[in-house]
Structures are given as C-alpha cells and as structure tokens.
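Only the coordinates and a few stated rules stand behind these numbers; no lab work does. Nothing here was measured: the structure is a model prediction, and the numbers come from that model. Virtual Cβ from ideal backbone geometry, glycine too; neighbours counted across all protein chains shown.
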Amino acid sequence: MTVLYAPSGATQLYFHLLRKSPHNRLVVSHQTRRHLMGFVRNALGLDPPPSPEDPTPENRFHPWDQSPSVDLRERAAKIRTLAHCPVTGKDINYTCPLSGIPTHHSREAWEMDKAYHDSKKYEILKKVNIYEHDLRSGRPFPEFDFPQQQGYDKAVNLTNWDLFFYTRSFYSMDTEFQLAAVTKMLSYPITIGSLLHKFSPYSLNPKGPITLEGLKSLAALRYTLYPLENRSLPTTTKNRAMRIFILGARAEAQLPGHVWKQLQFLFPEQSFEIHFIGPECLYKRDKQEYVKSTTPVVQRVDETLKFIYRTNFFEVFHEAQDFFPYDPYMDVFFTFHPGYASPESHGSWMGETMKALLETKCAIFTTGFNKKDLTDDINLVKSKYGKEMDVLMEPVRNVFGSTKWELNDMNPQEVYQFNMYIAGFRGKRYHTIKRQ
Amino acid sequence: MVLNPSKYQDTRTWKMTPAMIRARKPFFKGNMLGLTLLLGVTGSVYYYTYHFLHKDNDFADVPIPPIDPQELEALKKEYEAKKKA
C-alpha cells in the first residue's frame, strides 16, 4: 500500500500510460521541466531570465555612423562637419570604438589623446550613445505613466530622485535607461518644486547653499504656497495664481501639460500661471518652426494650471509694465541654462534683460549645464551688477538635475546633463545710501 | 486601494525592485545604527540580569553541616556566654 502511494510509483504509472506516444511524452516532460524550474526559481527568489526587449548597454550600443536610427546617423554626420579633433585640430574622421561616437581625426590621434583615456570620458560618451538609442528603440515606456494627486497623509520626500519617485508612487525605475528618460522631462518642474517646497533638500548656510537673503525670499514664497499652515495669522484673500516666469524658454516650453502638472501636485492648495518668455518659447509642431505672436498665447491645462507664452524678450514686457505689480510672495523667475556668460547670448541677457530682472526684486534662480557654465554666469552677474543684487543660493549641484547625459555636437568631448547646477540671486530690496 | 500590487514589488518574484532598494539606501546606516543601539541596550539588560542572578553569595555566612567538633565547642561557649548575659 505504501509503495502504491509513493510519488515515484505515480511517476512510473504516468510514464507507462504515455509509453505509446513519444510526442506527448516529450511535450509533457518539456512543460513539466519548465514549470518545475520556474517554481524552483521562484522559491529560491532568483530573478527570471531577462527579456530580449529589456534595454542593456549591450543591445543598445551601435556606432552612430551605422546606427539603425536616421536621426543619429545625421547627428554623426553633423559632428564630423562641425567638430574638430582635439589632438590634431583636423576634421573628425574616426569613430571611437569604446563609445561609438566620432571623436578624433584618426586612430593614431585617438591613441595619442591621453586626457581622453585617463579621464575615462569614453564611458560617459557611451552612456550618451546608449541613452539616445534607447529612446529610439521603440520599446514600451510604462515609466511615462505619471501618478496623479495623492493625499495629504502621504508625504513627498525630496532627498533625491529615487525617494521622490518612491514617495510619489511613480513607476519603478529599475534601469538607468528609465531614469534617464523620465528625469530629463521632470527635471524642469521638479527643480522648481524642490526649491519652493517646505521639505526642500537645500538647507541654510553653512550646512546648505541657501543664504539668509535666500531664506527670506523662499519664506515669502512658501508663505503663499502653504496658506493653511499660516492659519493663525490674518491672511489676505488670495486674488490671483502664483506666477512662475521662465525666461529664455526653449525645451521647457515644449513639455506637455501633464509633465508640468507634476509641479502643481506638489502644492495641491495652489494654482499656478507659468509664463514662458522668449523668442523661441512657442513652437508649432505641425509647422516645425517657432512662432511669433504679438499677443500672449494662453493654454489652460485645468483650473489650477495655465500656460502663457510671450514670444518676445522680457524687457519689452517689463517696460510696457505688463506684469506689474511684481510680488515677491507670488512671483518667481527661472532661467534654465541661460548662458549669461557665453559669447552668443551675452548681449541679449546682460543688457536690458538683467536690469529688468533685478528691478523686479523677485527671486531669480538659474541653472547651468556644468559647474563652469554656472559659475561663469554667476561671476559675470556679480561683476557687472554686484552692488544691485543679493545672492540667494550659492552655486551647487542640482539634486533634481537630469541623469541623462547629453552631447555638444560642436565638441563631442563636452558632455553635460540638463540642469546639472543651480544658483539664485535677486535685485537688492533695500536701497543703498551713497556716502557723502 | 489596499489590495493593489505595489509598483515597487516585482510581480514575478515578489522581491523589492532595484528602485525600491535604491530608495531605501539613504536610511540603511541610520537604521543599522538604531538597530545596534536597540539590541545593545536590550542585550545589556539581559546580560546584567543574568550575571547578577548567578552570583549567589547570599548564604555564605551560614554554617553548613556536618560541623567540626572544635568549631562546635567554640560555638557552644559563645552561646553560653550570650545566655548568661
């Protein structure tokens, strides 16, 4: 009786029944083996084998000259046209085999470039390569399914990207490819949100980069953003939305409404008006060109968020007093990678525009591509308008900068991330008295 | 919804996803320190109690039979002296 109920006995009977049909036996044994292995793998907690669709640095690497994407092949041709070899100064004719991007004139020049190999610049260039290919691979992007508003009992942690995604219940960003794709989009709204939020990761001097003047400006803005917490004080009735002015808007003006909505979800009691100001802020996708409009173009996302596009320079509206009166409690300015100190945009920024910006007496935050870019900008503003401005925030690495590496086509070895560094300043609110 | 599966739990193996592990990383040191402190205090209390209870010197001054005849005589004299007084 015991032998009859043993598993081995049952197996023998089972195979006996299937003896006449070898095909069935193969199918059954195959299914049994796979199912059993799956169960064992699950029980031991091992990871299932990766799908060929999952992005990896191996299957996302292609030399840009032979890329399956037309965009990247054109970009490789553009690099060869515009850039120069850092070793010989000649044109680019050699694609780095480690990164897949054209970088040097020849293999001899590539081998001679000691700085390139010692600093392991090719690793970052390889990341540029694989990220661009991942975006064009046609794989599904479930990470772009952003969460909606969440209740007050679920606090948002703004220490870093991972904690922000977790506490906001975003899709699980398991790979660096998902992180790169999402952080590039969200870097603009969350950079603004992380500055204005009461649980900002930037603390006061000397522990953090915020100066005392910066604390004053941010405290005024937070006074408006958190009206319920100031219940004990007599607050005036709110008569308008908070205005966020983004000057020199280009890529940030093209972000769709549900991306900017992530900023509003951080402040559920507040409504926002985002003013995109600049000649390149209104891009018509159907016409494939920037549009000029003499009247402001208004796009209403919902009752709490509104976009206003003004396709001219800021000083034009400032002189026309379109935005008067400015209120440091309800207005804030952002310039994303403005390039105050770069030769091509120095003139348009450091003349009337900067003067107008400082006249508003509102907080102005600026970001840069890298440390040199931002420190050059801030040092130029200090040297030219040092007596008319206060520093709100020392130049510091942006906690919510993009993690996607980008490339400058004119100099392939110059890599950067969007909004990598951030700083803040403001026109002086207290008039200085001249000594007699 | 309480019964919704978590986005940070692998639906095939039910383990924490790499994103969740990264999100918990900043708290690892603090949590380990807290755990060490908690276990340290608790263990210290247990160790002290165990060590204290096993000393057992309370009845060292009580004589244990059988007693030496000479000592018995000395104790008798002492007792008689106390009795007279």
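For residue A:198, the lysines whose Cα falls under 16 Å of its own Cα, not counting residues fewer than eight places away in the same chain, are A:154, A:216. Quick one: which of A:306/A:382; A:292/A:355; A:404/A:428; A:78/A:114; A:121/B:15 span more than 29 angstrom between C-alpha atoms? The pairs that break the limit, which is 29 Å between Cα atoms, are A:306/A:382; A:404/A:428; A:121/B:15. If only the Cβ of Lys and Arg carry +1 and only the Cβ of Asp and Glu carry -1, the dipole of region A:185-425 around its Cα centre is close to 540 debye. The orientation-averaged shadow of the Cα convex hull for region A:96-194, equal to a quarter of the hull surface, comes to 8.5 nm². Phi angles of region B:26-31 translate, via the Karplus equation with coefficients 6.51, -1.76, 1.60 and θ = phi - 60°, into HN-Hα couplings of x, 9, 5, 4, x, 5 Hz per residue; Gly and Pro are given as x. Distances over 13 Å make up what percent of all Cα-Cα pairs in region B:1-53? Result: 72 percent of Cα pairs exceed 13 Å.
In loop segments of region A:147-179 as defined by DSSP, the chymotrypsin sites (Phe, Trp or Tyr not before Pro) with at most 15 further C-beta atoms inside 10 Å of their C-beta are A:152. Computed over the protein assembly as shown, the alpha-carbon pair-distance distribution with 20 angstrom bins reads 16, 39, 24, 11, 7, 4, 0, each value a whole percent. Per-residue ellipticity at 222 nm from helix content only, as computed over chain A with -39500 (n - 2.57) for each DSSP H run of at least four residues, stands at -11500 deg cm²/dmol. The mean sequence separation of alpha-carbon pairs under 8 Å and at least six residues apart, normalised by the residue count of chain A, gives a relative contact order of 14 percent. Within chain A, the whole DSSP H helices whose Cα atoms reach 24 Å or more along their own axis and whose mean Kyte-Doolittle score is at least 0.5 are A:176-196. What the Cα convex hull of region A:143-196 gives, in volume per residue, is 79 Å³. Once the other residues with Cβ under 9 Å from the Cβ of residue A:311 are scored (Lys, Arg +1; Asp, Glu -1), what is the net sum? Neighbour charge sum, excluding residue A:311 itself: +1. Peptide B:7-20 shows a mean partner chain C-beta count of 5 within 10 Å per residue C-beta.
Scaled against the 2.2 N^0.38 Å expected of a compact globular protein of N residues, the Cα radius of gyration of region A:206-362 reads 1.11. Restricting the chymotrypsin sites (Phe, Trp or Tyr not before Pro) of region B:1-57 to loop positions (DSSP other than H, G, I, E, B) with no more than 11 neighbouring Cβ atoms within 10 Å leaves B:14. When peptides B:33-43, A:280-290 are sorted by average Cβ neighbour count within 10 Å, with the highest value leading, the order is A:280-290, B:33-43. Taking the charge dipole of region A:313-431 about its Cα centre, with +1 at Lys and Arg Cβ atoms and -1 at Asp and Glu Cβ atoms, the residue from A:385, A:353, A:314 reaching farthest to the positive side is A:385.
In region A:60-135, the ratio of gyration radius to Kirkwood radius, Rg to Rh, stands at 0.96 when only Cα atoms are counted. Normalising the average separation of contacting C-alpha pairs (under 8 angstrom, six or more residues apart) by the number of residues puts the relative contact order of region A:185-425 at 21 percent. Over all other residues within a Cβ to Cβ distance under 14 Å of residue A:296, the charged ones net out to +3, with Lys and Arg as +1 and Asp and Glu as -1. The residues packed around residue B:6, meaning those with a beta-carbon under 14 Å from its beta-carbon, carry a net charge of +4 if Lys and Arg are +1 and Asp and Glu are -1.
Once both labels are positioned 7 Å from their Cα atoms along Cα-to-Cβ, the gap between residue A:119 and residue A:58 label points is 3.1 nm.
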